[in-house]
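Here the structure comes first, spelled out in structure tokens, and everything after it is commentary.
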Amino acid sequence: VPRGAQGEMAVIRGEIAKKKRHFPLRKLFQTAPTAIHRIKPVLLMSPISVAQFLAPGTIEFDMLIFDEASQVRPEDALGAIARAKQIVVVGDQKQLPPTSFFDRLVADEGEDEETDDEAEALLAGAASVGELESILTLCEARGLPSRMLKWHYRSRDPSLIRVSNREFY
């Protein structure tokens, strides 16, 4: 943890000392990005939280890991991917796809017409990003290297999967 109370650390210590009227997280990340990174080098955030709380250009990720990637839409992941030097996408096609529960379906008049980009993608034999369900299917469609796990932490002891099934599913 950085020492002292000057510069970015003065901002962080001041925010810690406050009882109310704290900076919004987005402003705190803009004001003290280096100190926050030294205090908390690993961030656990959803792609939407990255977009909401981290202004573009404030933080670059050394590595970005998508877990349960079959449930993350490509358009939601793009902002986080743009900030990363490298990505790891972890998932299983047998898992549930992203939910569309909150989506509104709006039919366009020109829905059946192909755009120039879609036509070029068809000629190249590639699916467009909008056609792919998840970041996992996008990576597979682009032919990125993949590996299968040789073991899974829950497979070591059946009680671990029972807890997961009971508590979450």
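The values are calculated or read from the model by the stated rules, or taken from the named source; none is laboratory data. Keep in mind the model is a prediction, meaning the values are calculated, not measured. Side chains included, ligands, DNA and RNA excluded: accessible areas come from the protein's heavy atoms. Shrake-Rupley method; radii C 1.70, N 1.55, O 1.52, S 1.80 Å.
Here are some notes:
- Of the listed residues 149, 160, 64, the order by accessible area with a 1.4 Å probe, largest first, is 149, 160, 64.
- The heavy atoms of residue 26 present about 80 square angstrom of accessible area, all protein chains included, probe 1.4 Å.
- Heavy-atom accessible area order for 18, 94, largest first, 1.4 Å probe: 94, 18
- Surface accessible to a 1.4 Å probe, residue 133 within the full protein complex, Å²: 110 Å²
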